[in-house]
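In what follows, a single structure is set out as structure tokens and then discussed.
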Amino acid sequence: MKKLHIRRPVWRGPRLSRKTRIVRNLTLSALAAAVLYAALGFPPYTVNGMVDRMARRYLLPDLEPVYVLKDPRHYNSDILPGRRFTYIIARSGEDYLAFQYNTYLWSSELFFSRDPVLAEGAYCAARAGTLYAASPAMASAASVTAAVETKYETFTLEGERLSEEVFGFPYRNGSGPDLYTAVDFAYRKDSYVHTYEGGTVTGYTRVDADLPVTVTLYDEVGKALDTLRLTVSTSEITGWY
Amino acid sequence: MSEQRSWAFWCARVLGHVRFKPDRKAIERELTAHYEDHRLDLERVGYEPDLAAERALRAMGDADEVGRALDRAHKPWLGWLWEVSRVLAVGLLVVTAATLLENSLFTIREMLGRTEDQFTWEAPPSTASCAVTAYGTLYLSPGDITEEDGRYEVALDLWGKTADPRTDFPWIMPYLNIVDDRGPIPLGQADEDGVWLDNYMSRGWSSVCWGWTRHQMVLSLRLDHRPQWVEVSYPYGGNDWVLRAEWEAEP
């Protein structure tokens, strides 16, 4: 006797056409993307987006970037490459707003250890071995120097033009005494030893102080045009970000 | 040619017409199921296996015609779009779930909290001082004043409505200029024990409502006197607004 062939019905839900399934998937994707974007704090991915976000947060409607530095980085915990810091100095009228975004994969957020700084008239900060100074007056300067007064000595740095109104002053020469080394040694406070399972870490903390910075602007023949009295913090000078 | 080889040949001929290759296996399974069902049905009603296979194959129709029809139904662009949409949906759902569970800036609870605040906020009173800025509207209203040992804690109720949910409440608190009828009120802070500073002047803020576009905060001034009025301004970016809170004189 022949075996009766019976196909057992399996309920798989309503069978959707391919077009319907595409619409369903794209709708789900859009929803997931919206939740992801909100969960990440609405990350901006472009310089314009970052500037627009800060303009809204600081109520600076005509904020324009005057200097942008894209700095590729890699954390040991990064599985994929592509991390980038975007350091932006922007101006609104006479005021400067400087901030740094940390972008990696789909996340892009303000860098946690560099709070945005809003400064009136002129801006000065140190970041990863370079001192930055910005002022509208720099547009007419042929050369600029910055004298940074530390506890024991004054370092005079030669500036290089980074944009119309921003000069950069590299201060780490890699060998021999430089501003970084001087600050690192002169502002040490407490030594510490941390012992943990598997090893010991020794280190020290530093006094966080604002150092006076005198920025002098010169014309083509070396005549001083203007002098700006600014400050820079020791933690920024010794920082890596 | 055996019936099995005939079927394989027919099937291959049909599939040769289908340009979207990823669908070919599924089509083959479907066609085979139809063919097998028909063949087994014929065997069940008494056909010899070979004859049943031949009849079932003939009933499947012309291979080229079926192939062309299936190719029209399985358009390559639609097929690829389906594949992409599938990968996209699964990928985004996995990334979203992982982000929410692991390291999102806003957790689900915070997002729900924000949504709740957005809809339950208490609108500023009509008497509140108002400043319309390029990116939102700010309101200021006098809050409670409490006195203890000659020290006054003065509350200023501050509201912010932004046009863009991504904006957040403006991060302008540390940069506000605050003056009262006796002069400027500097930015200060209590020490670690919460004890007021020697000049008894400091200001702090706490959030009452933090929605997506609607925010309410309380700005607390700690003063050594009871103010008659307080003015708040923000002297950056061409912002020329001044918010003013006035208290009625003490009876």
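The values are calculated or read from the model by the stated rules, or taken from the named source; none is laboratory data. If you're wondering where the values come from, they're calculated on a predicted model, not measured in any experiment. Here Cβ is always computed from backbone atoms with ideal geometry, including for glycine, and neighbour counts include all displayed protein chains.
Tell me which residues, restricted to region B:143-172, are within 14 Å of chain A (Cβ to nearest Cβ) and not charged (D, E, K, R). Before the answer, list the steps.
Restricting attention to region B:143-172, the residues satisfying the condition of being within 14 Å of chain A (Cβ to nearest Cβ) are B:158, B:160-172.
Matches in region B:143-172: B:L158, B:G160, B:T162, B:A163, B:P165, B:T167, B:F169, B:P170, B:W171, B:I172.
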Point to revise | Qualifying residue in region A:181-202 (condition: without any contact (Cβ under 8 Å) to a residue 60 or more places away in the chain, β-branched (V, I, T) and in contact with a helix residue (DSSP H, G or I) (Cβ under 8 Å, 6 or more places away or on another chain)) | key: yes
Check your understanding: Does A:L36 meet the test of being surrounded by fewer than 20 Cβ atoms within 10 Å (Cβ to Cβ), assigned to a helix (DSSP H, G or I) and within 7 Å of chain B (Cβ to nearest Cβ)?
Key -> no
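Could you say whether any residue in region A:13-25 is outside any strand (DSSP E or B), of a type in the set (G, A, S) and at pLDDT below 95? Explain how you work it out, then say what you get.
Let us first name the residues in region A:13-25 that are outside any strand (DSSP E or B), namely A:13-25.
From what is left, the residues that are of a type in the set (G, A, S) are A:13, A:17.
With the extra rule that they be at pLDDT below 95, the set shrinks to A:13, A:17.
Checked region A:13-25: at least one residue is outside any strand (DSSP E or B), of a type in the set (G, A, S) and at pLDDT below 95.
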Review point. Which members of region B:213-231 meet the condition of being in a strand (DSSP E or B) and under 15 Å from B:V179 (Cβ atoms)?
Key: B:L219, B:L221, B:L223, B:W229, B:V230, B:E231
Practice item. Give region A:86-124 a look and list any residue that's surrounded by 21 or more Cβ atoms within 10 Å (Cβ to Cβ), within 11 Å of another protein chain (Cβ to nearest Cβ) and of a type in the set (G, A, S), or say none. Key: A:A90, A:S92, A:S108
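In region A:60-125, which strands (runs of 3 or more DSSP E) lie fully inside it and hold 2 or more residues that are closer than 14 Å to A:G49 by Cα and small (G, A, S)?
Values: elements: A:64-72, A:84-92, A:95-104, A:107-110, A:117-120.
By residue number, A:107-110.
Scan region B:52-96 for residues that are among the basic types (K, R) and either farther than 20 Å from A:S17 by Cβ or away from chain A (no Cβ under 14 Å) (or both) and jot them down.
Going residue by residue through region B:52-96, those that are among the basic types (K, R) are B:55, B:58, B:68, B:72, B:75, B:86.
Passing the criteria: B:R55, B:R58, B:R68.
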Check your understanding: When only residues in region A:62-83 that are within 13 Å of chain B (Cβ to nearest Cβ) and either surrounded by 15 or more Cβ atoms within 10 Å (Cβ to Cβ) or β-branched (V, I, T) (or both) count, which is farthest from the chain's Cα centre (by Cα)?
Key -> A:I79
Check your understanding: Residues of region B:35-51 being loosely packed, with under 13 Cβ neighbours inside 10 Å and away from chain A (no Cβ under 11 Å), which ones?
Key -> B:E48, B:D50
Practice item. Would you be able to say whether some residue in region B:189-212 is under 22 Å from A:V117 (Cβ atoms), in a loop (DSSP other than H, G, I, E, B) and at pLDDT below 90? Key: yes
